[in-house]
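Participant: Sharing a structure, written as structure tokens. Questions coming.
Read-outs throughout are calculated quantities, based only on the coordinates presented, and are distinct from any laboratory measurement. Model, not experiment: these values are computed from the prediction. Note that each Cβ is placed from the backbone with ideal geometry, even for glycine, and that neighbours are counted across all protein chains shown.
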Amino acid sequence: MIAKQEITGLILAGGLGTRMGQVDKGMLTLHGQPLAAHVLQRLAPQVGQLALNLNQHAENYRHFGLPIWADEQADYRGPLAGLQSGLRRATTPYVLVVPCDSPLLPLDLAARLAAGLQEADADLAIAVTQEHEPARDATQLRPHPVFCLVKTSALPQLDAYLAEGGRKMSAWHGPLKLAQVLFEDGQAFRNINTREELAAVQAQDISVSMAQTLLNNAVAPLAEIEHLPLPQALERFLAADIISPISVPAHDNSAMDGYALHGSDLLGDAPITLRVMDTILAGRPGTAAIVRGTCARIMTGAVMPAGCDSVVPQELVLQASEHSITVAPQVVRPGDNRRFKGEDLMAGQPALLQGKLLRPAELGLLASLGIASVPVRRRLRVAFFSTGDELRSLGEPLDAGCIYDSNRYTLLGMLQRLGCEVLDLGIVKDSPEALEAALRLACAQADVIITSGGVSSGAADFTRDILAQLGEVAFWQINMRPGRPMAFGRIAVDGHSALLLGLPGNPVAVMATFYFLARPTLLRMMGADPEAASLPLLRVAAQAAIRKRRGRTEYQRGILERDASGQQHVRVTGAQGSGILRSMTQANCMIVLPAEQGPVAAGELVDIVLFQGLT
Ligand code: AMP
Ligand code: MG
């Protein structure tokens, strides 16, 4: 098997982008991030090394932190020139090249090309897909030669081919052995060559995991740190590692009330009598020397006398008087009932790492180290408002055709539970002026703005215009239910910028997008470590069949129950419409059904996220 460490992934961005008017294609924005970043995200986990093939605009790519390998051929900017410098400069036995304008490339590209190359004992492997030709009603193989895995030993052949003036990606290998590896999804090899193609990919739904990655990449922990006394630090995130200033416990000490002694005194086979030299209480170290053949009465937590390594609990002693005890042989083993110095924590060791959520146990641990105040990230300020002419606030009469605004209360609750500072900006009418005024107000005061409504395709038009004026915001169709439309980006007013999360309007969609998209993003800004932000999934059997459409992620509201025989199973709450908020109040978990999943049969295992812990 070819290990991923043996492969250098080379992103080809050295072309001229001629068909788009000589643009730097890798920097074209898709879903709010450059094409090259999409390619890098998909390629990076598949290979051991990475490099970029570039001939200009190097400054645009520097932040990726990758080696930049320019073409060696001065006169020709095609992909083969990139491959050539890749084969020349890579230090691994294989190079995998991919174009910088293929944001959907397969996540198993390297693994499958490597398997195909090895199986055929080939020098290079390229991806092919099956294509239907309507004219002949036949299928034929379509090669994708720019997605290829090549042995670095193929370099002389490529050099010779280029020297003769050859320029064909599909023909350069000449006598070398080529393996064609069939991939099912033709879309995955889509190249963006024109603005229309970019717009077409932009209009496609993105997966939940892609949306999560894009969000994660777009934010960083807040820089501002505050020092808080422990009682105020509860539920905050540590902003620095805490190194233990002392050992806990500070001394070897007794785990029992009893007698401290030399364990080796008990190794014989007859009972032994030992003189009691001292009484040692917790917090009051002893004074007498305890040599072999003697012992000290000792209390739980009291410091072990020098040389003693074991404690015989008082209830195991055969006879005890003020001055001596008699113990059976081997009643304890050497080392028993002694706690070591530093058993909990050694001085100089990290006690808690930055990003840790300070829960009761962490406060206790900090106190045990004598630490009275800690550096934590400042609170995240989140402004939110609802949009919609049909919305009425509590206390207002409900005019015909109107509904009460529920999203603001759901959002308020979710944000407060997460530990954010909240700013409720009320209901905003569906008018460009009102929306702009609300966004300006929010942007001046908050780190993050969360809106609900106004982003579905019918409603999004003027929202889109306003957001485009105030900043850079991408509209996403996420392949999830509930919660398909969402806006995401950054806006700036008077030099102050804020992250914008435009959630859908339907009440359950607001909650689903909040928990699975907004929550991890906010937690990252709040300084949480990734572990604190991730939600544990439990696998349980579905009590009955669940309707599910293959091809999109669904979050269904579930009730986890235990039946009379103690078996746990989950069932859906009934109608799953994205407007049915009651389903959220009945549920105790979300059933997370991934895109690949089709209808669920009764008894099949499904993933759930418990509301406990989620909130
Ligand atoms: P929209 O995305 O604005 O088209 O909203 C989608 C649906 O969600 C519509 O039926 C709205 O009435 C409903 N909706 C939007 N905002 C809220 C809200 N704040 N509270 C309750 N329902 C809402
Ligand atoms: Mg609306």
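Participant: Extending each Cα 7 Å along its Cβ direction at TYR76 and ASP430, get the distance between those two points in nm, one decimal.
Facilitator: 5.8
Participant: Rank by packing, highest mean first: peptides 74-83, 171-180, with packing defined as the count of other Cβ atoms within 10 Å averaged across residues. Present the calculation step by step, with values, prior to reporting the outcome.
Facilitator: On the way: 74-83: 18.7, 171-180: 15.5.
Ranked by mean Cβ neighbours within 10 Å, highest first: 74-83, 171-180.
Participant: Suppose every Lys and Arg Cβ carries +1 and every Asp and Glu Cβ carries -1, with no other charges. What dipole size does segment 4-204 come out with about its Cα centre, to the nearest 20 debye?
Facilitator: Details: 17 positive and 20 negative charges, 55 e Å.
Dipole magnitude for segment 4-204 comes out near 260 debye.
Participant: So what is the 222 nm mean residue ellipticity for the chain from helices alone, if each DSSP H run of at least 4 adds -39500 (n - 2.57) and you divide by all residues, rounding to the nearest 500 deg cm²/dmol?
Facilitator: Values: 17 runs with 141 residues, N = 615.
That calculation yields -6000 deg cm²/dmol at 222 nm.
Participant: A further question follows. Which whole-Hz ³J(HN,Hα) couplings does segment 459-473 yield from phi under the Karplus relation 6.51 cos²θ - 1.76 cosθ + 1.60, θ = phi - 60°, glycine and proline marked x?
Facilitator: Along segment 459-473, the couplings run 8, 7, 4, 6, 4, 4, 5, 4, 5, 5, 5, 8, x, 10, 10 Hz.
Participant: Applying 1/(1 + (r/R0)^6) with R0 = 41 Å to the Cβ-Cβ distance of HIS496 and GLN349, what FRET efficiency is obtained, to the nearest 0.05? Show your work: numbers first, answer last.
Facilitator: Details: r = 41 Å, r/R0 = 1.00.
Computed FRET efficiency for HIS496 and GLN349: 0.50.
Participant: Sort 563-574, 140-151 by the packing proxy (mean of other Cβ within 10 Å over each peptide's residues), most packed first. List each step's numbers first, then the result.
Facilitator: Numbers: 563-574: 13.8, 140-151: 20.1.
The packing order, highest mean first, is 140-151, 563-574.
Participant: Sorted by average packing, counted as other Cβ atoms within 10 angstrom per residue and highest first, what order do 122-132, 251-261 take?
Facilitator: Working: 122-132: 18.9, 251-261: 22.3.
The densest-packed peptide leads the list: 251-261, 122-132.
Participant: Relative to the present Cα-Cα distance, how much length would full extension add between ALA460 and ASP563 at 0.36 nm per residue of separation?
Facilitator: Numbers: separation 103, 0.36 × 103 = 37.08 nm, distance 4.62 nm.
Result for the pair: 32.5 nm of gain on full extension.
Participant: What is the ratio of the Cα radius of gyration of segment 505-615 to 2.2 N^0.38 Å, where N is its residue count, to two decimals? Don't skip to the end; give the middle numbers.
Facilitator: Values: Rg = 14.3 Å, N = 111, 2.2 N^0.38 = 13.2 Å.
Cα-based Rg divided by the globular estimate yields 1.08.
Participant: Further question on the same structure: Helix 432-445: angle to the longest alpha-carbon principal axis of the chain, degrees 0 to 90, nearest 10?
Facilitator: 40
Participant: Also, quick follow-up: Whole angstrom only: what separates the Cα centroid of segment 85-107 from the Cα centroid of segment 10-39?
Facilitator: For segment 85-107 versus segment 10-39, the Cα centre distance is 15 Å.
Participant: Tell me which residues come under 5 Å, amide H to amide H, from GLY355 once H is placed; ignore anything under 5 positions away on its chain.
Facilitator: Correct list: LEU238, ALA239, ALA240.
Participant: Further question: Counting pairs of Cα atoms in the chain, how many percent are more than 33 Å apart?
Facilitator: Values: 117939 of 188805 pairs.
Roughly 62 percent, rounded to a whole number.
Participant: Moving on to the next point. Run the simple label-point estimate for SER264 and ALA203 please: 7 Å along Cα→C-beta, distance reported in nm.
Facilitator: Roughly 8.6 nm, to one decimal.
Participant: In sequence order, what are the phi-derived ³J(HN,Hα) couplings for segment 492-504 according to the Karplus relation 6.51 cos²θ - 1.76 cosθ + 1.60 with θ = phi - 60°, rounded to whole Hz, with x for glycine and proline?
Facilitator: My calculation for segment 492-504 gives 9, 9, 6, x, 9, 10, 9, 6, 10, 10, x, 7, x Hz in order.
Participant: Please give the charge dipole size of segment 538-610, origin at the Cα centre, charges +1 on K and R Cβ atoms and -1 on D and E Cβ atoms. Round to the nearest 20 debye.
Facilitator: About 240 debye.
Participant: Please arrange LEU16, LEU50, LEU411 by counting, for each residue, the other beta carbons lying within 10 Å of its beta carbon, fewest first.
Facilitator: Numbers: LEU16 15, LEU50 19, LEU411 24.
Lowest count first: LEU16, LEU50, LEU411.
Participant: Relative contact order for the chain: what percent, with Cα pairs under 8 Å and sequence separation of 6 or more? Present the calculation step by step, with values, prior to reporting the outcome.
Facilitator: Values: 1346 pairs, mean separation 63.6, N = 615.
Dividing the mean separation by the residue count of the chain yields 10 percent.
Participant: Amide H neighbours of ALA70 under 5 Å, counting only residues 5+ apart in sequence or on other chains, H built in-plane at 1.01 Å?
Facilitator: LEU54
Participant: Express in nm, to one decimal, how much length is gained between THR273 and LEU107 on full extension, taking 0.36 nm for each residue of separation and deducting their alpha carbon distance.
Facilitator: Values: separation 166, 0.36 × 166 = 59.76 nm, distance 7.26 nm.
52.5 nm is the gain from fully extending THR273 to LEU107.
Participant: Suppose the Debye formula is applied to equal point scatterers at every Cα of segment 403-481; what is log10 I(q)/I(0) at q = 0.26 Å⁻¹?
Facilitator: The Cα Debye sum returns log10 ratios of -1.43.
Participant: Give the calculated FRET efficiency between GLU6 and LEU318 to the nearest 0.05, with a Förster radius of 41 Å applied to their Cβ-Cβ distance. Display every interim value, and only then the final one.
Facilitator: Details: r = 68 Å, r/R0 = 1.66.
For R0 = 41 Å, the calculated efficiency reads 0.05.
Participant: May I pose another question? Residue separation times 0.36 nm, minus the C-alpha to C-alpha distance between ALA218 and GLU164: what's the value? Provide the component values of the computation, followed by the final result.
Facilitator: Working: separation 54, 0.36 × 54 = 19.44 nm, distance 4.62 nm.
Gain in length upon complete extension: 14.8 nm.
Participant: Also, I was wondering about something else. What are the ³J(HN,Hα) values, in whole Hz, obtained from phi via the Karplus relation 6.51 cos²θ - 1.76 cosθ + 1.60 with θ = phi - 60°, for each residue of segment 330-341 in sequence order, with x given for Gly and Pro?
Facilitator: 6, 5, 10, 8, x, x, 5, 6, 10, 9, 7, 3
Participant: Follow-up. For GLU472, what charge total do you get from the other residues with a beta carbon under 15 Å from its beta carbon, if Lys and Arg give +1 and Asp and Glu give -1? Walk me through the numbers before you get to the answer.
Facilitator: Working: positive: ARG464, ARG490; negative: ASP465.
That works out to +1.
Participant: Please list, ordered by chain and number, the residues whose modelled amide H lies under 5 Å from the amide H of ASP278; skip anything fewer than 5 residues away on the same chain.
Facilitator: ARG297
Participant: Taking the Cβ of SER457 as the centre, find all other residues whose Cβ is under 11 Å away and add up their charges (Lys, Arg: +1; Asp, Glu: -1).
Facilitator: Details: positive: ARG464, ARG484; negative: ASP461.
Once positives and negatives cancel, what remains is +1.
Participant: A further question on this structure: Under 14 Å between alpha carbons, and skipping anything fewer than 8 positions from LYS168 in its own chain: which aspartates and glutamates qualify?
Facilitator: ASP159
Participant: About the Cα centre of the chain, what is the dipole size in debye to 20, counting +1 per Lys and Arg Cβ and -1 per Asp and Glu Cβ, all else neutral?
Facilitator: Details: 53 positive and 60 negative charges, 53 e Å.
Charge dipole of the chain: 260 debye, to the nearest 20.
Participant: Take the Cβ-Cβ distance between MET27 and ASP399 as r, set R0 to 41 Å, and report the resulting FRET efficiency rounded to the nearest 0.05. Could you put the intermediate results ahead of the total?
Facilitator: Working: r = 49 Å, r/R0 = 1.20.
Plugging the Cβ-Cβ distance into 1/(1 + (r/R0)^6) gives 0.25.
Participant: What does the charge add up to near GLY527, with Lys and Arg as +1, Asp and Glu as -1, over the other residues with Cβ less than 11 Å from its Cβ?
Facilitator: Working: positive: ARG236, LYS356, ARG377, ARG378, ARG379, ARG524; negative: GLU224, ASP529.
Residues near GLY527 contribute +4 overall.
Participant: With a ≥ b ≥ c the root eigenvalues of the C-alpha gyration tensor of segment 381-533, is it rounded (a/c under 1.5), prolate (a/b larger than b/c) or oblate?
Facilitator: Values: a/c = 1.38, a/b = 1.21, b/c = 1.15.
Cα axes put segment 381-533 in the rounded bin.
Participant: Can you give me the distance in nm between label points at LEU230 and ALA328, each placed 7 Å from the Cα along the Cα-to-Cβ direction?
Facilitator: Going by the 7 Å Cα→Cβ label model, 4.2 nm.
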